[in-house]
Amino acid sequence: MKIELSHLEPFLGRDALKNAEKGIANAYQTIYNKTGAGNDFLGWVHLPSETDESLIADIEQTAKKLREKSELFVVVGIGGSYLGARAVIEALSGHFDALNGHKPFIVYAGHNMSEDYLKDLIALLDKKDYSLVVISKSGTTTEPAIAFRILKEHLINKYGEKEATSRIVAITDKAKGALKQLANVKGYKTYVVPDDVGGRFSVLTPVGLLPIAVAGIDIRQLIKGAVEIEKMCQANPTLNDNMVSQYAAVRQALYDMNKTNEIMVNYEPRLVYFSEWWKQLFGESHGKEHKGIFPASVTFSTDLHSMGQYIQDGLRNLFETVISVENSGHELRIPHEDEDLDQLNYIAGKRISEVNHKAELGTILAHEDGGVPNIRIVIPEVSAFTLGQLIYFFEMSCALSGYTLGVNPFDQPGVEAYKKNMFALLGKKGFEERTEALRKRLEA
Ligand code: PA5
């Protein structure tokens, strides 16, 4: 993988990056020496290289058992407890696996509170053999707790208590939280979310590894890719040779120029959920104290026919980070037609990926002309290894960017605001004062 910054030249002078150099070097020190805000959440820094062989083997073993008896596998979790797994699974699955009878097919629950969604899921689960993993670090998050309560009952009704238990895995804190207590009482197989790894940095812990392994993906390759970038950062954090440092520096320089919105662009629909994972990582880590770049995402060329107009001509507070994939997994060429009624013979014989790459280059140049700086992150192909590289690349650059921005990248105090109101409106014990205040506010 590599980073390409040539399309930034019209926007950033050479000095912009030089100016950021010191800040990035300091941020590395803050991370490696654990001296910054949130320093008790740095367990992800050496996680890839320190992942125990026995843990990997155990996860593979559990995944094998679950795969053997499941047509469907349900991942119950929200935010950092599901997005990383979904990002990797969707990136490495066939686009139409759901309709191709691929087993086990992975479905998700506990990431919304839609009655219709859950009802539709249950109707599907009525007809399929399935098992599930419930993931919650705190063990008390409302959305997955509701979904798990419903699915647990469904599993027991379908298979009986004993078999249902063998079809449930819980991933949560080692000691605290309602889910941990429930798992102890019921005797579920459990994995631990390490204390010092926050949800959005947890994809390389069992939180991501177990569902990814159940999907049949090689978790060793995923970890190997992450280890490579972990080692690279440690060996040489300077701006010259380190793409992670360069990305963090460029983001800060663009933010200082009032480029407050970053759009992650992909040209492969399989990467849509990778963008979702990235949005959470950066949005929840940086959006604090009325600061931070707003992370958005698009899939091109699809969204060139919807959002393309805004990006080309709208408010000039944007920059783009393009994930560019050099090689497709398959080959498909545009056929020649003697009649050429659709006038496509000028590209007959070309691979679709070649046309896609020209769309990418043409778009980058057009957006550059339109005043939108572009960063390109290039991977040779979408694989477990390159996804592992990307995951660590973005985790470390997110931490660096957070510290150069001057926020604690590892907390999320703002997430509590909606929860408190929701609990008060639902009449949860302990929220009586807020319930009363909200009642008055709504009646006014
Ligand atoms: O990154 C985070 O910490 C959050 O997005 C959490 O992952 C999310 O809120 C789910 O929390 P939990 O795993 O405690 O259910």
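Among the conditions (1) closer than 27 Å to ALA235 by Cα; (2) open to solvent by 50 Å² or more (accessible area, probe 1.4 Å); (3) assigned to a loop (DSSP other than H, G, I, E, B), GLY36 misses just one, which is (2). Under the condition of being in contact (Cβ under 8 Å) with a residue 40 or more places away in the chain and more than 30 Å from ALA215 (Cα to Cα), the residues counted in segment 341-364 number 4. Within the bounds of segment 182-204, is there any residue that is in a loop (DSSP other than H, G, I, E, B), farther than 28 Å from TYR28 by Cβ, in the same structural domain as LEU83 (by TED's automatic domain parsing) and open to solvent by 10 Å² or more (accessible area, probe 1.4 Å)? The answer is yes, given that some residue of segment 182-204 is in a loop (DSSP other than H, G, I, E, B), farther than 28 Å from TYR28 by Cβ, in the same structural domain as LEU83 (by TED's automatic domain parsing) and open to solvent by 10 Å² or more (accessible area, probe 1.4 Å). Could you please let me know if LEU66 is among the hydrophobic types (A, V, I, L, M, F, W, C) and open to solvent by less than 20 Å² (accessible area, probe 1.4 Å)? Considered against the rule, which asks whether it is among the hydrophobic types (A, V, I, L, M, F, W, C) and open to solvent by less than 20 Å² (accessible area, probe 1.4 Å), LEU66 comes out as yes.
This table checks each residue for (1) surrounded by fewer than 23 Cβ atoms within 10 Å (Cβ to Cβ); (2) within 16 Å of the ligand (Cβ to nearest atom); (3) modelled with pLDDT of 95 or more.
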| position | (1), (2), (3) |
| --- | --- |
| VAL214 | no, no, yes |
| GLN221 | yes, no, yes |
| LYS224 | yes, no, yes |
| ILE229 | no, no, yes |
| PRO237 | yes, no, no |
| ASN266 | no, no, yes |
| ARG270 | yes, no, yes |
| GLU284 | no, yes, yes |
| GLU289 | yes, no, yes |
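Here is the figure for segment 228-275: residues that are among the hydroxyl-bearing types (Ser, Thr, Tyr) and part of a helix (DSSP H, G or I) total 5.
Say we look at segment 300-316 and pick out the residues that are open to solvent by 90 Å² or more (accessible area, probe 1.4 Å) and out of contact with any helix residue (DSSP H, G or I) (no Cβ under 8 Å at 6 or more places or on another chain); which of these is farthest from LYS358 (Cα to Cα)? The selected residue is LEU315. For ALA98, the conditions (1) more than 19 Å from LEU210 (Cβ to Cβ); (2) at pLDDT 95 or above all hold with the exception of (2). Counting the residues of segment 403-444 that are closer than 30 Å to ARG251 by Cβ, touching a residue at least 24 places away in the same chain (Cβ under 8 Å) and not in a loop (DSSP other than H, G, I, E, B) gives 7. Going through (1) open to solvent by less than 40 Å² (accessible area, probe 1.4 Å); (2) not in a helix (DSSP H, G or I) one by one, LEU400 falls short only on (2).
Residue by residue, here is whether (1) farther than 21 Å from LEU83 by Cα; (2) away from the ligand (no atom under 16 Å from the Cβ); (3) in the same structural domain as GLU90 (by TED's automatic domain parsing); (4) not small (Gly, Ala, Ser) holds:
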{"site": "ILE347", "(1), (2), (3), (4)": "yes, yes, no, yes"}
{"site": "ARG351", "(1), (2), (3), (4)": "yes, yes, no, yes"}
{"site": "GLU354", "(1), (2), (3), (4)": "yes, yes, no, yes"}
{"site": "LYS358", "(1), (2), (3), (4)": "yes, yes, no, yes"}
{"site": "ILE364", "(1), (2), (3), (4)": "yes, yes, no, yes"}
{"site": "LYS420", "(1), (2), (3), (4)": "yes, no, no, yes"}
{"site": "ALA424", "(1), (2), (3), (4)": "yes, yes, no, no"}
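The values are calculated or read from the model by the stated rules, or taken from the named source; none is laboratory data. No experiment lies behind these values; they were computed from the predicted model shown. When we count neighbours, we look across all protein chains shown, and the Cβ atoms used for this are built from the backbone with ideal geometry, even at glycine. Heads up: the accessible areas ignore ligands, DNA and RNA and are worked out on the full protein's heavy atoms, side chains in. Shrake-Rupley method; radii C 1.70, N 1.55, O 1.52, S 1.80 Å.
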